[in-house]
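**Q** Got a structure for you, questions after.
Quick note: the coordinates plus some simple rules give every number you see, no bench work behind them. Not measured: the values here are computed from a predicted model. We place every Cβ from the backbone using ideal geometry, glycine too, and count neighbours over all the protein chains shown.
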Amino acid sequence: MSQDAIIKSTVASKDRGLELFLAKAAMAEPDRKRVCFLCIGSDRSTGDSFGPLVGSLLKASGWPRVIGTLEQPCDANAVEEACQEAAAIRAQGQGIVIAIDACLGKPLSVGNYLVAEGPLQPGAATGMKLPAVGDYSIAGVVNLNSPKAYAMLQSTSLASVLAMAGELVTFINNAWSVNPRRDAELSRDAKPGRDAELDRDVNTGFGDSSDREKNSIATLAAILGHWY
């Protein structure tokens, strides 16, 4: 889990920030086989399970290089070795590393994502001294910031975390897929809201509570389908 763990981060919420961020990463490394996802977190806490949930969904989507899943979480016992593995990938020029973690944040940021072109500092909130990792970083803001971070993570809605994980993986899959209309629009650096029809097509998935419930059910079904 990470609080204030992203360097020079920006919030990617209901606008097209997340789509643009991932599109940039996909342009930097279009080969899916050379993209490594480092999904940090634990399966023992609902809030902190965001990273492992994303990892499991990425695996189910066919991504070949994923560190950190529900079955093999990149938690406090494994994160140091995982960071070393990710650092080796970068040092050897074997592709890019996208670090993914959960974090706590301000009320208006909950349900959104902090993104940055730069590394993430794993375990910053818990006092762990680990090297920063990642060429690109994404932190899902799963709950409110609080002095009692562990309590907030334990009391985080699982449905909300499932929905966020499903949303993020959908965006990741879309970013590395062929979409001429989207690519043409992105190349013009379109502003949100300029084209109402296009905005509907690239809806980020941040809908009402019923949409979130459907997303969380679909995410859980995808994970269970992968296991069984």
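**Q** Going by C-beta contacts inside 10 Å, put Phe171, Phe37, Phe50 in order with the fewest on the left.
**A** Phe171, Phe37, Phe50
**Q** Still on this model: Output wanted: per-residue J couplings in Hz (rounded whole) for region 83-95, from phi through Karplus 6.51 cos²θ - 1.76 cosθ + 1.60, θ = phi - 60°, x for Gly and Pro.
**A** With coefficients 6.51, -1.76 and 1.60, one gets 5, 5, 5, 5, 5, 5, 4, 5, 5, 8, x, 8, x Hz.
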